[in-house]
1. Among the residues of the stretch 1-50, which ones are closer than 25 Å to residue 68 by Cα, loosely packed, with under 12 Cβ neighbours inside 10 Å and at pLDDT 85 or above?
2. Just to be sure, is residue 66 in contact (Cβ under 8 Å) with a residue 24 or more places away in the chain and either open to solvent by less than 60 Å² (accessible area, probe 1.4 Å) or assigned to a helix (DSSP H, G or I) (or both)?
3. Which pairs turn up if I take residues in the stretch 44-58 that are over 23 Å from residue 29 (Cα atoms) and without any contact (Cβ under 8 Å) to a residue 40 or more places away in the chain and look for partners that are in a helix (DSSP H, G or I) and open to solvent by 80 Å² or more (accessible area, probe 1.4 Å) with beta carbon separation below 8 Å, at least 6 apart in sequence or on another chain?
4. Can you tell which of 144, 74 is out of contact with any Gly (no Cβ under 8 Å at 6 or more places or on another chain), open to solvent by 90 Å² or more (accessible area, probe 1.4 Å), at pLDDT 75 or above and closer than 30 Å to residue 30 by Cβ?
5. Do the conditions hold for residue 97, that is, is it among the charged types (D, E, K, R) and within 30 Å of residue 134 (Cα to Cα)?
6. Here are some conditions: (1) modelled with pLDDT of 80 or more; (2) open to solvent by 60 Å² or more (accessible area, probe 1.4 Å). Residue 97 meets all but one. Which one does it not meet?
7. Sort through 18, 39 and tell me the only one that's under 36 Å from the mean Cα position of the chain (by Cα), over 30 Å from residue 130 (Cβ atoms) and not hydroxyl-bearing (Ser, Thr, Tyr).
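The values are calculated or read from the model by the stated rules, or taken from the named source; none is laboratory data. Since we're looking at a predicted model, the values are computed, not measured. Heads up, the Cβs are rebuilt from the backbone with ideal geometry, glycines too, and the neighbour counts pull from every protein chain shown. Heads up: the accessible areas ignore ligands, DNA and RNA and are worked out on the full protein's heavy atoms, side chains in. Shrake-Rupley method; radii C 1.70, N 1.55, O 1.52, S 1.80 Å.
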Amino acid sequence: MSSLGIMSPDMEEIARSQDIIGWQNFTERKISHLILPTQQAYSVAITSKRSNASWVKLLIQRLLHITHSQWTFRNVSLHHICIGTRTKERSNELRAEIYRIIDMPENEFPSDSRHLLDVDCNALHKGSLDTQEKIVYVAKAAIRAGKRARPGKAKWREA
């Protein structure tokens, strides 16, 4: 908190004290013992009608609101099925794999499965993660089947 900018000497002392406690502890309602006396003095100076207990209660409610908002944002940005970070990363990995398969030499792909290489790139980008996974799965299965069916290659190695 001490890096927040210009503040009074009392607030600088409170900020340093709170810095020692740490941000996570602050968001878990562990506040510096110096905050309440300073707030009490401020309340007297402005003749506030709010009690010190209600001020602390409001502070804690706001801290809970902040931490809950941060938690919600993190969960949505990380796990949401459409916009989550992991979903985007997986989608990018799958698209890279699909492009690698599309760029394979045709002789690596069985002739009866070459139609799988005709992928609409726009549909691929707009497609769901599930659709992208199916494309990769089907293409890899076709490649494996083609390798097993190639003439002249032994299926089993003798020991």
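1. Once the filter is applied, which keeps residues that are closer than 25 Å to residue 68 by Cα, loosely packed, with under 12 Cβ neighbours inside 10 Å and at pLDDT 85 or above, the stretch 1-50 yields 20, 22, 33.
2. So residue 66 fits the description; yes.
3. 48/42
4. Of 144, 74, the one residue that is out of contact with any Gly (no Cβ under 8 Å at 6 or more places or on another chain), open to solvent by 90 Å² or more (accessible area, probe 1.4 Å), at pLDDT 75 or above and closer than 30 Å to residue 30 by Cβ is 74.
5. Against the criterion (among the charged types (D, E, K, R) and within 30 Å of residue 134 (Cα to Cα)), residue 97 qualifies.
6. Of (1) modelled with pLDDT of 80 or more; (2) open to solvent by 60 Å² or more (accessible area, probe 1.4 Å), only one is false for residue 97: (2).
7. Checking each option against the conditions leaves just 18.
For (1) in a helix (DSSP H, G or I); (2) open to solvent by 70 Å² or more (accessible area, probe 1.4 Å); (3) modelled with pLDDT under 75, each residue gets a yes or a no:
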site: 86; (1), (2), (3): yes, yes, yes
site: 116; (1), (2), (3): yes, no, yes
site: 125; (1), (2), (3): yes, yes, yes
site: 130; (1), (2), (3): yes, yes, no
site: 153; (1), (2), (3): no, yes, yes
